[in-house]
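Rule-based calculations on the coordinates, nothing more; no lab input. Not measured: the values here are computed from a predicted model. We place every Cβ from the backbone using ideal geometry, glycine too, and count neighbours over all the protein chains shown.
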Amino acid sequence: MPLPPPIALPAASSAATEPGAPAAESKPTWGETLRVYLEPASLRMFALGFSAGLPLLLVLGTLSFRLREAGLDRTTIGYLSWVGLAYGFKWCWAPLVDRMPIPLLTRFMGRRRSWLLLSQLAIMAALVGMALADPRTALTTVVWCALAVAFASATQDIALDAFRIESADARHQGALAATYQTGYRLAMIWAGAGVLWLAARAEVVPAVATAAGPGVLYQQAAWTTAYLVMSASMLVGVLTVLFTREPVRLALAPSKNATEWLRSALVEPFADFLKRYGKQALLILALIGVYRISDVVMGIMANPFYVDMGYTKDEVAAVTKVYGIIMTLVGAFIGGALSLKFGVMRVLMLGAVLSAASNLLFAWLAGHGHDVTALIAVISADNLSAGVASAAFIAYLSSLTNVTYSATQYALFSSMMLLAPKWLAGYSGAFVDAYDYATFFTATAFLGLPVLVLVWLATRLQPTTTAQPQSTDSVNTL
């Protein structure tokens, strides 16, 4: 696939073109590139990105820290990460979210906003369940509530991805991806560093060392407080949904019967993708399936690693809260701006290189020992690379999507992104138990090598079609 043209904004002084004539496009100035982040659609995506990013770590990374502190072994923690496979199978119910209205709610709010609100309320309720259950005595309850959070969060992702794609034309998707990613990553830091800070503040007798080993310092009441605050934090998304507008959608012809509805909802979205890209669809799906594999597989063992290395909740929270936020913001805006200026594929390659390389820093840290300064450097580099890679990757996925089937197609892409990595990540704890952390982190870095090859191939194969049907009215929601 050749390099796509830069996602350009229309020049401010563009002359009017004749009806039917293609609009002339020019590369934006840096001022025009940065101003797009202040548009209403970009600000909405920042808030909704926060709502989307909050649940993920609470059922994966942060939960693994909590479980390790409660005394669970690494192998069990690794297997429990398969809760995240709910995100990998969301394409199965994406057609329902894309086409099926919710009784009463959809009539008043629209299809996208009604599904967003329903899923957000479900996330809040399930997080309360996780807050109240003690993993030492009610691990099954914790797991079921985590599954509910993951399922509702995946449903929110389906509706939100469609909302984002339908909220702007193709030229603005890079900017929306960047602000979405910024909100998403900030929420992940709040659900990672923030929840650790809250739990540490809520401890009856603050822990000053972890040398006593996992399970000794665990305080259920502290984690209850932290998870209840996380549930309340979902109100950011709820309020945004309530006070925003439903995006303009392409009109869909009414289905005559159930068979026709099933064909339009289940078959046509996938058939459309295969028709547009032909044999290249396999390459595209392979690239999507492994692009974030280094980060996802490594991420499951990151928090148990901090516990085993003797870092306290306060230390991990302080480092990720300060340096993680700064570098995430820098990375996301660099990724979005570079995608606008130079094209998505070039930044996609850069992100793949940085993501794999940052895992080697964790391998170095494993041999370096307990050192907060070293932790600052490693987490800063990891968040910078993740911000660049994610902003470019979201823009790439958006460019592949036909807005007629936005929810279903984007759910397919984002599910493919997580399915293989999440499955492989389930064995991460067993791998660390059999070898060590340094070997594990090095192995995850080498998992990124096939990604470089696939991105290189994707930039050189001519696509079957480059036409992406867009709603002519969608830009009006900016």
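In table form, for the structure just shown:
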read-out: Rough spin-label spacing in nm, given labels placed 7 Å along Cα→Cβ, for Ala357 and Leu105; value: 4.5 nm
read-out: Fewest-first sequence of Asp382, Asp295 by Cβ atoms within 10 Å of each Cβ; value: Asp295, Asp382
read-out: Among 227-237, 55-65, the order from most to least packed when residues are scored by Cβ within 10 Å on average; value: 55-65, 227-237
read-out: Exposure proxy ranking, count of Cβ atoms within 10 Å, fewest first, for Trp190, Trp456, Trp93; value: Trp456, Trp93, Trp190
read-out: Full-stretch length increase - Thr373, Leu282 - with 0.36 nm per residue and alpha-carbon distance subtracted; value: 28.4 nm
read-out: Approximate spin-label separation Asp433-Arg263, in nm, with each point projected 7 Å along Cα-to-Cβ; value: 5.2 nm
read-out: Cα-only Debye scattering, segment 42-148: base-10 log of I(q)/I(0) at q = 0.10, 0.18, 0.20 Å⁻¹; value: -0.36, -0.97, -1.10
read-out: Distance (nanometres) between label positions extended 7 Å along Cα→Cβ at Leu235 and Trp456; value: 5.2 nm
read-out: Sorted by Cβ neighbour density within 10 Å, fewest at the top, the residues Cys145, Cys92; value: Cys92, Cys145
read-out: Pairs from Lys275/Lys341; Lys90/Lys341; Lys90/Lys275; Lys313/Lys341 whose Cα-Cα separation, in the structure shown, is over 28 Å; value: Lys275/Lys341; Lys90/Lys341; Lys313/Lys341
